[in-house]
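Each remark here refers to the structure printed beneath this line.
A short reminder: the numbers here are calculations on the coordinates, not readings from a lab. As the structure is a prediction and not an experimental result, all values here were calculated from the model. Using ideal geometry, Cβ is built from the backbone for each residue, glycine included, and neighbour counts are taken over all protein chains shown.
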Amino acid sequence: MEKSSVLDAIHDGVIVVDMDSTILYANSAYTRSFGVQVSKVLGRKLSEIEPNSRILDVLSTGKPIVDDYSHVVSVGINIVANITPIFKEGKMTGAVAVFRDATEVLALKDLVVRYQNELLELRTKLLNVEDMVYDSPIMRRVMEQAQRVASVDSTVLLTGESGTGKEVVAKLIRRLSQRHEGPMVTINCGAIPENLLESELFGYEKGSFTGAGQQGKVGLIEIANKGTLFLDEVGELPLNIQVKLLRVIQERSFMRVGGVKPINVDVRFLAATNRDLKAMVKMGTFREDLFYRLNVVPINIPPLRERKRDIVGLATFFLRKYNEKYKMDKRILPEVLRFFENSYEWPGNVRELENVVERLVVSSPMDIIKLDDEVISDYFDLQGDTESRVIISGLMEVKKARELLEKELIKKASQIYTSTRTSAEALGMDHSTVARKAKKYGIKFQQR
């Protein structure tokens, strides 16, 4: 079979020109799209038929053009083209262009995006166990430990940075415990003023102090009887309250403010803190005996930057949550999720990620959220001078340093973008240069 017969059989349009833009070959798909006969275009100059054709740019620069979207005025169609220069014995002799209708390409891309989002949603559903979304080995170990300790009544101390999900893990422990039908009372030890903390925790008898209610008041510890008491931000407790709390944990009894009769309680204690309690013990701001009473089973919740495999699932979970809440149908492109996963440290952890996703849902003007979305640019300051910092730990030759920096930038781009073309645009480099450098450094782009 002749080459021309093969090319005539394919769906894509193909055209070959020489250095003067004279059309040497055009297949049936090309002539069909432009509504002309082969005999009417062969031997004619492309510059006369399509004066704004990108093929002329390739003939002028010698650089290929990849996935170029353009509108052909003469026939009123949108096309996406890949144009490659032709070289013979090191000398450029012309160019070949392969194109197809952009409407079809865009429809396929939209279909791919839909499938990707459906897969991400399915992945999230599979990972979502008791409102916990995780995929990383480190969080899997945390969850296994939480599930094991849930079956007993041991006191658990949850540690970790703010926003990592300590309260969510505490709720999971209670939900899987034998006390799941009893009350769960959460006390934010840092949110209650110190002068009210004692009466809120332990309650008070009527007339026990100026301003006390005539009927007295039941404390939060008493309300948690037969259930679970979660002491959030336990490191904020003042020392005088720490002493009284220690007695409750040891003896399971306490007295209300102004009371004389001990009240017995059956309570399981969970505590959480983002502070270093061991350091506070050494400083004398946290009682050592209380620390050991709380630290029976320690569980550390790692920050999001140490479990980045969880980010995509979490972002998709929050996207679905706020789409449902605000009656919207926003979608986040994979390039944005890869940016979340690879290019930001998330100092606010899961809480910050949730806030960002909610902001995107309610503030983005488009239903499909892209990396160049103004909300993303504003939040992460993608164009700012403080976007990245180069840390120099030692001296080396400038040439070697340039290569190392170049390698890291291309590697970072490969983690965010799907192709060398989009990476080249982000890096301000030629596509061919990025492709060559990626091959040199052994960097692979995942076509997703």
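Annotation: lysines with alpha-carbon distance below 26 angstrom to K166 (same-chain offsets under eight excluded): K125, K226, K244, K278, K282, K308, K321, K325. Based on alpha carbons, the Rg and Dmax found for the range 130-302 are 16.5, 55 Å.
In the range 130-302, taking the dipole from charged Cβ atoms about the Cα centre, the farthest positive-side position among L197, F291, L158 is held by F291.
Which whole-number percent gives the relative contact order of the range 398-441, counting Cα pairs below 8 Å spaced six or more residues apart? Provide the component values of the computation, followed by the final result.
Values: 25 pairs, mean separation 15.1, N = 44.
Computed over the range 398-441, the figure is 34 percent.
Look at H431, H180, H11 and count the other Cβ atoms within 10 Å of each Cβ; fewest to most, that gives H11, H180, H431. Counting other Cβ atoms within 10 Å as a rough exposure proxy, the listed residues I241, I223 run I223, I241 from fewest neighbours to most. For the range 398-441, the convex hull drawn through the C-alpha positions has a volume of 63 cubic angstrom per residue.
Look at L42, L319 and count the other Cβ atoms within 10 Å of each Cβ; fewest to most, that gives L42, L319. Here, the range 311-380 is characterised by an Rg to Rh ratio of 0.91, where Rg is the alpha-carbon radius of gyration and Rh the Kirkwood radius.
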